[in-house]
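Heads up, the thing below is written out as structure tokens.
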Amino acid sequence: MSAPQRDVPGMLDSLFAVARRDLLLAWKRPGDVLNPLFFFAMVCTLFPLAVGPSAEQLTFSGPGVLWVAALLAMLIALNSLFLSDFDDGSLEQLLVSPQPLPLLAIGKTAAHWLTSGLPLVLVSPIVAITYRMPGSVVVVLMLTLTLGTMSLSLLGSIGAALTVGLHRGTALLSLLILPLSMPVLIIGANTVSLAAGNETYSAGVWALAAYAVGALSLAPFATAAALRISNE
Amino acid sequence: MEGVAMGGYAPYVWTCFGLTLLVLIINEWRIRVRHTSVYRDIEVRIKALEGHE
Amino acid sequence: MWKWFHQLASPPHFYRIAPVFSTWLLLPGLALIAYGAYAGLFLAPADYQQGDAFRIIYVHVPAAYLSMMAYMIMAVAGGIGLIWRMKLAHSVAASAAPLGAWFTFLALATGSIWGRPMWGTWWEWADPRMMSELILLFFYFGYMALRSAIDDTAKADKASAVLALVGVVNVIIVHYSVQWWSSLHQGRTIMAEGGPAMDPAMLRPLLAMIFGFTLVFGSLLLRRTRTEVLHRERRTRWVRDLILAPEGNS
């Protein structure tokens, strides 16, 4: 290790470089970030229109509706994860890079979460208040959404890597990811419901945290393997 | 025969057993049909390539 | 042993011996099912709570068991194909998926019909087992959709193997999260959890059915895989020889 190779950046540097590049691209194309947010807001508007606006109805269905809407919005955002890189050939550059591919996959997924999951978490209190959710529950909602959207981004990166470059990929991606994401939805939405009913909810938060840690340690390897297969 | 009546649950019990038999038969039948069609396709292609017989 | 395994995995050899194995599995399997169905329907005593409706267990449990076993076979075969690049394993995985989906459907259908007299409804959302089976069925659909969406067979094999392996972890998490969820909503189950020991006269037909279904499933899987092998190897020399040989009928 006496003579480190000067021309190869460190592993963490490359992770940050990949993430920074994707964040810059997102900054230049704000539509990709904003569209899922608008979608989220609109789905949350559909429910009171469909099931009625009574306060009782809203507080009862609020946690579930917000969680389903967030899940669908994440799914919409997922499509763009590897697509533009695949189209312009920069994905192949990642594959031949000397850095471990799972690490680069983490970089891309992190940037994706910052541009899709985090905005959802930040917007969710506004929608939650219109659903008459009390402040203490809103905190739980934001906490579960933070952990949940992280897991969804990581799971989604596997699906996006498997379907990159396929025609009619969008519908297929939903078919692959929705069964995988059901545990996150079950735990997330029910934890918020428990909090809204003044019951102990900490078990759900810990379960979501465990899920996120598990996904962070396993999903990047699956994503890397899937990227290699899709680009053979 | 009182055994067939299943104590009033006959429609449910017999539908389930019938459905199971149906699924087994469908799978058996599909496997046979698929094998025949795959075999025929290959046969036609190879005989055409050989150009005789 | 290793050599025998290697020989078995060679497509021409597998193609030749699969029908023999398949028959050995099919005949005892059908015999066991015939015994199990007769004994389950007529010889076993009626359940003291559910009456004769409990007899649905003799088709429901084998179907549910096979739906999960097919999934494990699919994932393990996919893993073997991915790691050791064994072509036959991928053919097994591709053939196990539709069979597994059929048995998952059967488990759902019989469970739903059983639920009608027991719960008074065709579908009980809060039953954790039914929910797990439903999510499993969705997962089979996703797996098969991914397979059929990729034109290149080698690529489809590997991509679906990755999906199946990810899914194994997921199936376990789904099982526990659905159980937790159902406990929040006072879920009702038809079958007692483990429960007191079953009367041997009830248990014996059930074991015969489970074992018989497993054998028949093995027979179906072998023959499905055999056709898959023939299709995949359609451009090879041994298939050509097989077709042109006078006694090489299907």
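The values are calculated or read from the model by the stated rules, or taken from the named source; none is laboratory data. The shown structure was predicted, so the numbers you read here are calculated from the model rather than taken from an experiment. Neighbour counts are summed over all protein chains in view; Cβ atoms, including those assigned to glycine, are modelled from backbone coordinates with ideal geometry. These accessible areas exclude ligands, DNA and RNA; they are computed on the full protein's heavy atoms, side chains included. Shrake-Rupley method; radii C 1.70, N 1.55, O 1.52, S 1.80 Å.
Can you pull out the residues in the stretch A:186-221 that are in contact (Cβ under 8 Å) with a residue 60 or more places away in the chain, in a helix (DSSP H, G or I) and open to solvent by 40 Å² or more (accessible area, probe 1.4 Å)?
Scanning the stretch A:186-221 gives A:Ser193, A:Ala196, A:Leu216, A:Phe221.
I need the full set of residues from the stretch C:102-121 which are part of a helix (DSSP H, G or I) and open to solvent by 10 Å² or more (accessible area, probe 1.4 Å), in order please.
C:Trp102, C:Phe105, C:Leu108, C:Ala109, C:Ser112, C:Ile113, C:Arg116, C:Pro117, C:Met118, C:Trp119
Based on this model, can you work out whether A:Leu104 counts as closer than 24 Å to A:Ser181 by Cα, touching a residue at least 60 places away in the same chain (Cβ under 8 Å) and not in a helix (DSSP H, G or I)?
In short, no.
Conditions tested, residue by residue: (1) among the small types (Gly, Ala, Ser); (2) more than 7 Å from chain C (Cβ to nearest Cβ); (3) out of contact with any Leu (no Cβ under 9 Å at 6 or more places or on another chain); (4) surrounded by fewer than 14 Cβ atoms within 10 Å (Cβ to Cβ).
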residue: B:Val23; (1), (2), (3), (4): no, no, no, no
residue: B:His35; (1), (2), (3), (4): no, no, no, no
residue: B:Asp41; (1), (2), (3), (4): no, yes, yes, yes
residue: B:Val44; (1), (2), (3), (4): no, yes, yes, yes
residue: B:Gly51; (1), (2), (3), (4): yes, yes, yes, yes
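Counting only residues that are under 23 Å from the mean Cα position of the chain (by Cα) and facing another protein chain (nearest Cβ under 7 Å), which one in the stretch B:1-21 is nearest to C:Phe217 (Cα to Cα)?
Per the criteria, the residue is B:Thr20.
For the stretch C:128-144, does any single residue satisfy the condition of being part of a helix (DSSP H, G or I), out of contact with any helix residue (DSSP H, G or I) (no Cβ under 6 Å at 6 or more places or on another chain) and at pLDDT below 90?
The answer is yes; a qualifying residue exists.
The conditions are (1) without any contact (Cβ under 8 Å) to a residue 12 or more places away in the chain; (2) within 16 Å of the chain's Cα centre (by Cα), and C:Met74 fails exactly one of them. Which is it?
(1)
Give A:Ala41, A:Ala17 a once-over and let me know the one that is in a helix (DSSP H, G or I) and more than 28 Å from A:Leu185 (Cβ to Cβ).
A:Ala17
Test of understanding: among A:Phe40, A:Phe47, which residue is of a type in the set (Phe, Trp, Tyr), under 14 Å from the mean Cα position of the chain (by Cα) and at pLDDT 85 or above?
A:Phe40
Out of (1) part of a helix (DSSP H, G or I); (2) over 19 Å from the mean Cα position of the chain (by Cα); (3) of a type in the set (D, E, K, R), what's the single condition that is false for A:Arg132?
(1)
Starting from the stretch A:121-134, keep only residues that are closer than 19 Å to A:Ala55 by Cβ, then list their pairs with residues that are assigned to a loop (DSSP other than H, G, I, E, B) and open to solvent by less than 30 Å² (accessible area, probe 1.4 Å) whose Cβ atoms are within a distance under 7 Å, requiring at least 6 positions of separation or different chains.
none
Report, ordered by the first and then the second residue, all pairs with beta carbons closer than 9 Å, sequence separation of six or more or different chains, a first member in the stretch C:136-152 that is within 9 Å of chain A (Cβ to nearest Cβ), and a second member that is among the basic types (Lys, Arg).
That search, which allows pairs on different chains as well, returns C:Ala149/A:Arg168.
If A:Asn79 satisfies every condition in (1) under 17 Å from the mean Cα position of the chain (by Cα); (2) surrounded by fewer than 17 Cβ atoms within 10 Å (Cβ to Cβ) but one, which is the exception?
So the condition that A:Asn79 fails would be (2).
Restricting the search to the stretch C:45-69, which residues are hydrophobic (A, V, I, L, M, F, W, C), more than 11 Å from chain B (Cβ to nearest Cβ) and farther than 21 Å from C:Thr225 by Cβ?
C:Val61, C:Ala64
Taking C:Thr110 and the conditions (1) free of Cβ contacts under 8 Å to residues at least 60 places away in the same chain; (2) of a type in the set (Ser, Thr, Tyr); (3) within 30 Å of C:Val162 (Cβ to Cβ), which numbered condition does it fall short on, given that it satisfies the others?
(3)
Just give me the residues in the stretch A:147-173 being under 18 Å from A:Phe39 (Cα atoms), surrounded by fewer than 22 Cβ atoms within 10 Å (Cβ to Cβ) and touching a residue at least 24 places away in the same chain (Cβ under 8 Å), in sequence order.
Selection gives A:Thr170 alone.
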